[in-house]
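Have a look at the structure below before the remarks.
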């Protein structure tokens, strides 16, 4: 006999939703700015680095965490 799956914690789900929206917002706004920065390579590179470090990297970590939780 197996136990039914545990219900997700509503606070955790709310936090995950907030985190995903935040990281995607950073990526989206950064991508919208990149065309305006294409004539300034230093600013373009700085914005791209910001998108990667503040949006993409934490989003990858979050997805990996969720995938690990799902496999457990």
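A few remarks follow.
- Inspection of region 16-27 identifies at least one residue that is at pLDDT 95 or above, loosely packed, with under 12 Cβ neighbours inside 10 Å and touching a helix residue (DSSP H, G or I) at 6+ places or on another chain (Cβ under 9 Å).
- The residues of region 5-41 include none that are outside any helix (DSSP H, G or I) and closer than 14 Å to residue 54 by Cβ.
The values are calculated or read from the model by the stated rules, or taken from the named source; none is laboratory data. No experiment lies behind these values; they were computed from the predicted model shown. Every residue, glycine as well, gets a Cβ built from its backbone with ideal geometry; the counts of neighbours run over all protein chains shown.
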